[in-house]
Amino acid sequence: MIIRGGNRGSVSDSGETTELVSGRALIWLIASFALLLVPQWDRLPIWLVASCAGLAGWRWLAQSGRLRLPGKWLRSGIMLALVAVYIATVQGRFTVETASSFFVLAVGLKWLETRSVRDFYVLFFILVYLATVNFLFHQEIHWSVINLVGVALLLVGLQVVNAPDIPGAMKSGWRRLGMMLLKTLPIVVLLFVFFPRMAPLWSVPLVSGEARTGISDTMTPGDISSLAQSSERAFRVTFGGQIPPYRDRYWRGLILDRLDGETWQQGSGRQFRRPGRVSVDGGVGKLSPDQYDVLMEPTDQTWAFALENSKAVSDNVKPNDQGLFRFDRPADSAVRYRMALTDDNPAGQAGAAPEEVQRYLQLPRSGNPRARALAEDLAAEYSNPQAIVQHLLDRFREQEYFYTLRPPAMPDDGIDALLFDEKRGFCAHYAGAATFVLRAAGIPARVVVGYQGGDSGADDEYLIIRQYDAHAWVEVWLPGQGWVRMDPTAAIAPQRIESGLRDAMAEEGSFLENEWASPQRYGDMAVLQWASLKLDLMNYHWQRWVVGYQGQSQMDLMSRLPGGIGLRELGYITAGIIGAGLLLAGLVTAWQYRRVEIRDPIGRTVTRWHRLCDRAGVPVRHGETPSQLAGRLARARPAAAGTANAFARMVNKHYYGSESETEKRGDLARMKRLLITMKRQADRKPQVNRRPSGAPEGNH
């Protein structure tokens, strides 16, 4: 079957006539599909995006008559080829991303069999579902707007497919959508606020197994320097009191205590992860001066970031034996949790048991002989571990060590090369080297990985910690003090700790050198920075008060209202809102119908005619034309036949002919006279022919 633009119907192979989808409706469908693919552009493989574009383009060329849509066998071959490519690409991995990409592939293949209006409806609902799938990956306000615009394009296309030939259908369609939005928005907002946010009976984790930008549980020299070239957001922090100075913003995340060759990793291994999803709305109510809220981006990991000397306030994070904080499940979506600063130092006291000392002295059996010799000399010269630590810091501070985002490639004995030859590296290089020397000198030490710093958001409302704030430092065990932070970077490049990576790399010019599109790269452009911060502020509040509006947040808000509203009261309120909304919609519809009647005097006259027909026992049928109604009235009331037919002709002339205003006024007066006459004629009872008494039967 060839589909050409302008065709309204076609006979299928089975002989059934089907209505073809119009080109104007199809273009809206294709535009919506293209827009709904944008939120997944960074997750879909290039071959899949190209295939979807080709399949949709093929469908459009077939609509314009330049190509034929493939038959059953060719369609099956295309499907099998693309599915084979998909299977080869995913390589047996079943994750949220692979499931989503398969769904997109199915939508793309659907274009090859979209012929009739029925197919349009099927694809319409499929694309609406695609919009909901997009929210699994992006929940920021700008992505939400893109999804909503995509759905709006679908709704306009739906109006066009139902009325393709009406002049100005596009303009009136957008106007109707706008009016519908204005009418329903108050009800939607009320339901969003008051509809009970109950926890689901079960939850499915969205952990995909795909790599995300962020720190990992292993560290090889160069890893963090690569991460420092990313301006992606790691988390935001809101303080209830004064924001700590920049130099004190050490956000501890995880500890790497085992050295394997050149790679530092967690010695305890991966913890068992329970299925399900982490609670995303920990911490509600007003912040006290010692508290702070963290809104962390998805990491697909269980670790949480916190300042030193912190304790958990919300119940979705728990401390571990190293003074760190963990979620029960991987953070597969944005997570909010609350911490509090304390006077004691739980991180400093963690791991103080003597049996743990050997764990933090582990080193490979061989390698880096010069660093080992340096450690032996320091251990022989100083009996106090604190003196060894200070000597090592003085070495970094006084000798010509350089902090750089362009570290040289290190040989096999990389720590020796860094300390004695190259003397150029990033925080991971220096933290790993310092830990090695301290352990070789007999002092327990460990590498801590997290973030250091953070820039102010719009109006100084919160801090933004980005990936380029990723940092590694050392914690050393000192008798009588516990774990104490030692940061070689603070000795080599104090400006990195005092004011951030941008200032530290100003002379080298390597800050975000590979991210030309990042607003953070252009710190001297005030307008660009202002716009970037305002957009981030919008997303921050959207994430906190819309996306993060869950059970705890709702109950906290309800507790502030008079009466102490609980779940039962929320159910009553929700039912009341729905009932009031339906009642209001009915009243508005009736008012609009009445308003149309007032504006259309001929319409009111036609309504009076319909009532007359009802009284005469001829109720109006759905979809019936004026002429058909007049014919049925004539059969029921023969006396009114001529008047009814004349009235029906006047109705058809008014609604389907072209008349001037003067003619319309004359027709209205004539229709009123005809209606009066018709009423009098319809009220007459039909005469029944009666045979005289005793007359013979037969024809008269």
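The values are calculated or read from the model by the stated rules, or taken from the named source; none is laboratory data. From a predicted model like this one, the values you see are computed outputs, not experimental measurements. Cβ coordinates were reconstructed from backbone atoms using ideal geometry, including for glycine residues, and neighbour counts include every protein chain displayed.
Results, tabulated for the structure shown:
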item: Criterion (surrounded by fewer than 19 Cβ atoms within 10 Å (Cβ to Cβ), assigned to a loop (DSSP other than H, G, I, E, B) and at pLDDT 90 or above) met by exactly one of G276, G241, G285, G269; result: G241
item: Selection within region 198-228 - modelled with pLDDT of 75 or more and not aliphatic (A, V, I, L, M); result: S216, D217, T218, T220
item: Any hit, region 531-545, residues being more than 20 Å from the chain's Cα centre (by Cα) and closer than 30 Å to F135 by Cα; result: yes
item: Among (1) modelled with pLDDT under 75; (2) within 59 Å of the chain's Cα centre (by Cα) - the single one Y656 does not satisfy; result: (1)
item: Filtered residues of region 99-116 (kept if closer than 24 Å to L67 by Cα, out of contact with any Ser or Thr (no Cβ under 8 Å at 6 or more places or on another chain) and assigned to a helix (DSSP H, G or I)); result: V104, A106, V107, L109, K110, W111, L112, E113
item: Search result, residues across region 551-570 that are of a type outside the set (D, E, K, R), closer than 13 Å to F195 by Cα and in contact with a helix residue (DSSP H, G or I) (Cβ under 9 Å, 6 or more places away or on another chain); result: S553, Q554, M555, L557, M558, I565, G566, L567, L570
item: Residues of region 617-643 that turn out to be over 60 Å from the mean Cα position of the chain (by Cα) and part of a loop (DSSP other than H, G, I, E, B), as a count; result: 1
item: L674, sole failed condition from (1) under 60 Å from the mean Cα position of the chain (by Cα); (2) modelled with pLDDT of 90 or more; (3) closer than 17 Å to P601 by Cα; result: (1)
item: Cβ pairs under 7 Å, 6+ apart, first in region 84-110 and more than 22 Å from L36 (Cβ to Cβ), second modelled with pLDDT under 90; result: R93/G209
item: Residue pairs meeting the criteria (Cβ under 6 Å; at least 6 apart or on separate chains; first outside the structural domain of A331 (by TED's automatic domain parsing) and surrounded by fewer than 17 Cβ atoms within 10 Å (Cβ to Cβ), in region 121-138; second among the β-branched types (V, I, T) and in a helix (DSSP H, G or I)); result: I126/V107
item: Hits in region 363-381 - residues which are outside any helix (DSSP H, G or I) and either loosely packed, with under 14 Cβ neighbours inside 10 Å or at pLDDT 95 or above (or both); result: P364, R365, S366
item: Of residues in region 297-323 being under 29 Å from F137 (Cα atoms) and acidic (D, E), the one surrounded by the fewest Cβ atoms within 10 Å (Cβ to Cβ); result: D315
item: Candidate set: region 245-262, residues that are surrounded by fewer than 17 Cβ atoms within 10 Å (Cβ to Cβ) and in a loop (DSSP other than H, G, I, E, B); chosen: the one modelled with the highest pLDDT; result: P245
item: Set Q358, Q390: member being free of Cβ contacts under 8 Å to residues at least 60 places away in the same chain, within 47 Å of the chain's Cα centre (by Cα) and surrounded by fewer than 19 Cβ atoms within 10 Å (Cβ to Cβ); result: Q358
item: Test for W174: is it under 30 Å from R544 (Cβ atoms) and assigned to a helix (DSSP H, G or I); result: no
item: Some residue of region 145-157 being part of a helix (DSSP H, G or I), under 13 Å from the mean Cα position of the chain (by Cα) and surrounded by 15 or more Cβ atoms within 10 Å (Cβ to Cβ); result: yes
item: Failed condition for P167, given (1) part of a helix (DSSP H, G or I); (2) at pLDDT below 85; (3) out of contact with any helix residue (DSSP H, G or I) (no Cβ under 8 Å at 6 or more places or on another chain); result: (1)
item: Residue check, L154 hydrophobic (A, V, I, L, M, F, W, C) and more than 26 Å from R233 (Cβ to Cβ); result: yes
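Matching residues to (1) touching a residue at least 12 places away in the same chain (Cβ under 8 Å); (2) at positive phi; (3) surrounded by fewer than 19 Cβ atoms within 10 Å (Cβ to Cβ):
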| site | (1), (2), (3) |
| --- | --- |
| Q386 | yes, no, yes |
| R395 | no, no, yes |
| Y403 | yes, no, no |
| R406 | yes, no, yes |
| P411 | no, no, yes |
| D416 | yes, no, no |
| A431 | yes, no, no |
| V437 | yes, no, no |
| A440 | yes, no, no |
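Here's the yes/no breakdown for (1) of a type in the set (V, I, T); (2) under 25 Å from N134 (Cα atoms); (3) under 28 Å from the mean Cα position of the chain (by Cα):
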{"position": "R75", "(1), (2), (3)": "no, no, no"}
{"position": "L80", "(1), (2), (3)": "no, no, no"}
{"position": "I87", "(1), (2), (3)": "yes, yes, yes"}
{"position": "S101", "(1), (2), (3)": "no, yes, yes"}
{"position": "E113", "(1), (2), (3)": "no, yes, no"}
{"position": "F120", "(1), (2), (3)": "no, yes, yes"}
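Table: residues versus (1) buried (at least 17 other Cβ atoms within 10 Å of the Cβ); (2) of a type outside the set (D, E); (3) touching a Gly at 6+ places or on another chain (Cβ under 9 Å).
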| position | (1), (2), (3) |
| --- | --- |
| Y451 | yes, yes, yes |
| S456 | no, yes, no |
| E461 | no, no, no |
| Q467 | yes, yes, yes |
| A472 | yes, yes, yes |
| E475 | yes, no, yes |
| G480 | no, yes, no |
| D487 | yes, no, no |
